[in-house]
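Any read-out appearing in this document is the output of simple, stated calculations on the displayed coordinates, not a laboratory observation. All of these numbers come straight from a predicted model, not from anything done at the bench. Every residue, glycine among them, receives a Cβ derived from its backbone with ideal geometry; neighbour counts consider all protein chains shown.
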Amino acid sequence: MNGIRSRLKRPLVLALLVAVPFLYAPIAEFSDNHALLINASPSLPNWAFWLDKNFTPSRGALIFFEPPHSELLTGHFGEKPQIFGKRILGMPGDEVRHVGQKVFINDEFVARTKPRSRKGAALTKGPEGIIPDGCYYVGTSHKHGFDSRYGEIGFICARRIIGTGRAIL
């Protein structure tokens, strides 16, 4: 038995040394394009998400993005807010309208705005009109969510999007 082990040890070690670079490349590529995200915000119902950086945006998809810089967001989340996760409610070419506090996309009610944040800061209504190419109207069903309903977030364009997410927990 010891003789067989000693004869197999060297070929197995050599095979592993040859295989490691072939195994490392796909794993490295996968980790460059994927991540595990932990959610601390009450605006999304799940607390863990799998992020795919090779995203294809579609209506209803959950996307994660870097929020735009604004005094309001700094006041609520600090100088470097974490990435935001929201659903795509409007696609390029869709029309956004505000009627009072109601928001419509292609004449379908999608959200309601409020005049002030939970901390009492004034909120401005988000953009209206045709959503430009490469941009999206994003939102959540959470009444206090910061999303495209408000000018401080506005349309989210592709350059800000990190990837799409899938709830895992």
Mind listing the phi-derived Karplus ³J(HN,Hα) values for the range 146-156, rounded to whole Hz, using 6.51, -1.76 and 1.60 with θ = phi - 60°, and x for any glycine or proline? 8, 8, 5, 4, 10, x, 5, 10, x, 5, 9
Relative contact order for the range 34-167, counting Cα pairs under 8 Å that sit 6 or more residues apart, in percent: 31
Long-range amide H partners of Met91, meaning residues 5 or more apart or on another chain whose placed amide H is closer than 5 Å, are Tyr137
Any residue on another chain or 5+ positions along whose placed amide H is under 5 Å from the amide H of Lys125 is listed here as Gly151
Whole-Hz Karplus ³J(HN,Hα) for the range 93-101, in order, using 6.51 cos²θ - 1.76 cosθ + 1.60 and θ = phi - 60°, x for Gly and Pro? x, 6, 10, 9, 10, 10, 10, x, 8
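Can you check what the net charge comes to around Ile105, using other residues whose Cβ is under 15 Å from the Cβ of Ile105 (Lys, Arg +1; Asp, Glu -1)?
+2
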Alpha-carbon centroids, the range 126-153 and the range 72-110: separation in whole Å: 2
With labels modelled as points extended 7 Å from the Cα through the Cβ direction, what inter-label distance (nm, one decimal) is found for His144 paired with Lys53? 3.3
Burial ordering of Cys135, Cys157, fewest other beta-carbon atoms within 10 Å first: Cys157, Cys135
Does the range 34-167 classify as rounded, prolate or oblate by the C-alpha gyration tensor (a ≥ b ≥ c root eigenvalues; a/c under 1.5 gives rounded; else a/b over b/c gives prolate, otherwise oblate)? oblate
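Output the pairs from Lys53/Lys119; Lys80/Lys143; Lys53/Lys143; Lys80/Lys119; Lys53/Lys102 with a Cα-Cα distance over 26 Å in this structure; if there are none, say none.
As for pairs spanning more than 26 Å Cα to Cα, those are Lys53/Lys119; Lys53/Lys143; Lys53/Lys102.
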Residues whose placed amide H lies under 5 Å from that of Thr113, excluding near-sequence neighbours: Lys102, Val103
Taking θ as phi - 60°, what are the ³J(HN,Hα) couplings along the range 57-69 by the Karplus curve (6.51, -1.76, 1.60), each to the nearest whole Hz, with x for Gly and Pro? x, 8, 4, x, 5, 8, 10, 10, 8, 7, x, x, 7
